[in-house]
There are 2 protein chains.
Amino acid sequence: MKIYDRPGFPNAARIRIVLAAKGLDSQVEFVPVDLIAAEHKQPDFLARNPSGVIPVLELDDGTLLAESTAITEYLDNLDGNPVLTGRTPREKGLIHMMQRRAEAELLDAVGNYFHHATPGLGAALQVHKSPQWSGREEWGRREGERAVRGMRYFDEVLRRHDFVAVDQFSMADITVYAGLLFAEVAGLAVPEECFALREWRVRIAKLPSVKDRSGQALVAQDLRRLGIAA
Amino acid sequence: MKIYDRPGFPNAARIRIVLAAKGLDSQVEFVPVDLIAAEHKQPDFLARNPSGVIPVLELDDGTLLAESTAITEYLDNLDGNPVLTGRTPREKGLIHMMQRRAEAELLDAVGNYFHHATPGLGAALQVHKSPQWSGREEWGRREGERAVRGMRYFDEVLRRHDFVAVDQFSMADITVYAGLLFAEVAGLAVPEECFALREWRVRIAKLPSVKDRSGQALVAQDLRRLGIAA
């Protein structure tokens, strides 16, 4: 299998955590995609994924899988023991519900804030992000507010439960964690009073499959290269 | 099981098609939600689904499942033969990829167009749709253009394949079909030249599990009640 991605970016982190959790790291060849140069918006990459986003998984038979949820479904089911996406109908339902909320209310909202209300990933990429639209920055700021509301929602959930969806670590935890990684890069702070979300984050960061897989140092490097971060 | 929904609306149609395809119709009690009166934005409903959208599935043990993908995962796996969400890791991956694209590029884009660039579902609901934001209509129109690009993408896929994701009817077909139902209500036409998408739509509409389950007559009634449609 090949994974086209860029370590340090939130959806790349999601799949790297899945690979580690499933013990599949060594079976994958990673192919780097230069997001700063907007390589994922060029014809070669778009032929692999018309949505123009990373990561993409290429199977040995040439099948291409995009979208982190889909890639996670594939990888998690290979061994017949889908601990991350659910082993029973009820687990599958709960994990997919919280996974979708984590994308819609947190990760996607942070992404919209980052790309529309901040300098994002710099000039080469910004041309692909509707610069000509006058309402763009206001929309981006509203999305940032929505992301913070998402954090408060997950904080409430985590005041009552140890994990986001079911009583063990799942795809939904990975997505919330990636959302918080991205929020940090984008400059959206987790509200002080969200103590359950903060405590959960510290706990998740220490899991063997999560530790050292966020690649945040690389993102910081990219942003410095672009003159966006100090 | 109970389903909280409103027949005729796109996500309600998705789950009603799933129930029919799985032969589960008779095991469900439907509880109507008055979307026109914004019942889904009131405290009673929000306690069941904080995202404030239909449908919601309530299991006999009280578990609440929202998000159509999650409800579909639950229902499709009950009999151990998940034909709609994928029986192998590869099928699961492909179906979830195309399902996500169908939501992001078509169904959600149509919804954003409908609620922001048209009168949507009338005054009671529109207060929940950011009326105070000046960029709203322009954003809605851009989302409408994105939905039409989504139609062109699925047309291309269907020029090469009989179904959206795998070689049989799946969750991804249901979501694209619901997206086209919604587009019709919202007044977004499928481009003339998208002949493969149009042909597929006619074929899908005749499937026993799809026929008569769209509830479009009811939506037309609602819109007439609101004075929005003739």
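The values are calculated or read from the model by the stated rules, or taken from the named source; none is laboratory data. Model, not experiment: these values are computed from the prediction. Because the Cβ atoms are built from the backbone with ideal geometry, glycine has one as well, and the counts that use them run over all protein chains shown. These accessible areas exclude ligands, DNA and RNA; they are computed on the full protein's heavy atoms, side chains included. Shrake-Rupley method; radii C 1.70, N 1.55, O 1.52, S 1.80 Å.
Residues in region A:67-84 that are at the interface with chain B (Cβ under 8 Å from one of its Cβ atoms) and of a type in the set (A, V, I, L, M) were compared, and the one that is nearest to B:Ala147 (Cα to Cα) is A:Ala70. Among the criteria (1) farther than 22 Å from A:Thr85 by Cα; (2) more than 13 Å from chain A (Cβ to nearest Cβ); (3) among the aliphatic types (A, V, I, L, M), the one B:Val53 does not fulfil is (2).
Kindly evaluate A:Gly144 against the criterion of being over 21 Å from A:Ala13 (Cβ atoms) and open to solvent by less than 10 Å² (accessible area, probe 1.4 Å). Taking the combined requirement at face value, the residue does not satisfy it. Restricting region B:87-119 to residues that are of a type in the set (Ser, Thr, Tyr) and surrounded by fewer than 21 Cβ atoms within 10 Å (Cβ to Cβ), the residue that is farthest from A:Leu75 (Cα to Cα) is B:Thr118.
With in contact (Cβ under 8 Å) with a residue 40 or more places away in the chain, within 13 Å of chain B (Cβ to nearest Cβ) and either under 16 Å from the mean Cα position of the chain (by Cα) or on the phi < 0 side of the Ramachandran plot (or both) as the only criterion, which of A:Arg149, A:Arg142, A:Arg100, A:Arg90 stands out? Criteria check complete, one pass: A:Arg149.
So, of the residues in region A:54-68 that are at pLDDT 95 or above and buried (at least 21 other Cβ atoms within 10 Å of the Cβ), which turns out to be farthest from B:Gly93 (Cα to Cα)? Here the residue is A:Pro55.
Just one of the listed residues (A:Asp34, A:Asp76) is surrounded by fewer than 19 Cβ atoms within 10 Å (Cβ to Cβ) and more than 12 Å from the chain's Cα centre (by Cα), namely A:Asp34. Regarding region B:21-29, can at least one residue be identified that is without any contact (Cβ under 8 Å) to a residue 40 or more places away in the chain, open to solvent by 30 Å² or more (accessible area, probe 1.4 Å), within 12 Å of chain A (Cβ to nearest Cβ) and of a type in the set (Gly, Ala, Ser)? No: region B:21-29 contains no residue that is without any contact (Cβ under 8 Å) to a residue 40 or more places away in the chain, open to solvent by 30 Å² or more (accessible area, probe 1.4 Å), within 12 Å of chain A (Cβ to nearest Cβ) and of a type in the set (Gly, Ala, Ser).
I'd like to know if region B:140-150 contains one or more residues that are within 20 Å of A:Glu67 (Cα to Cα) and of a type outside the set (Gly, Ala, Ser). The answer is yes; a qualifying residue exists.
Of the numbered criteria (1) within 29 Å of B:Met151 (Cα to Cα); (2) touching a residue at least 24 places away in the same chain (Cβ under 8 Å); (3) open to solvent by less than 50 Å² (accessible area, probe 1.4 Å); (4) more than 7 Å from chain A (Cβ to nearest Cβ), the one B:Lys41 fails is (1). Taking the criterion of being assigned to a helix (DSSP H, G or I), surrounded by fewer than 24 Cβ atoms within 10 Å (Cβ to Cβ) and aliphatic (A, V, I, L, M), the residues of region A:152-179 that qualify are A:Val157, A:Leu158.
Yes or no, residue by residue, for (1) within 23 Å of B:Met98 (Cα to Cα); (2) within 12 Å of another protein chain (Cβ to nearest Cβ):
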{"site": "B:Val31", "(1), (2)": "no, no"}
{"site": "B:Ile36", "(1), (2)": "no, no"}
{"site": "B:Glu58", "(1), (2)": "no, yes"}
{"site": "B:Leu65", "(1), (2)": "yes, yes"}
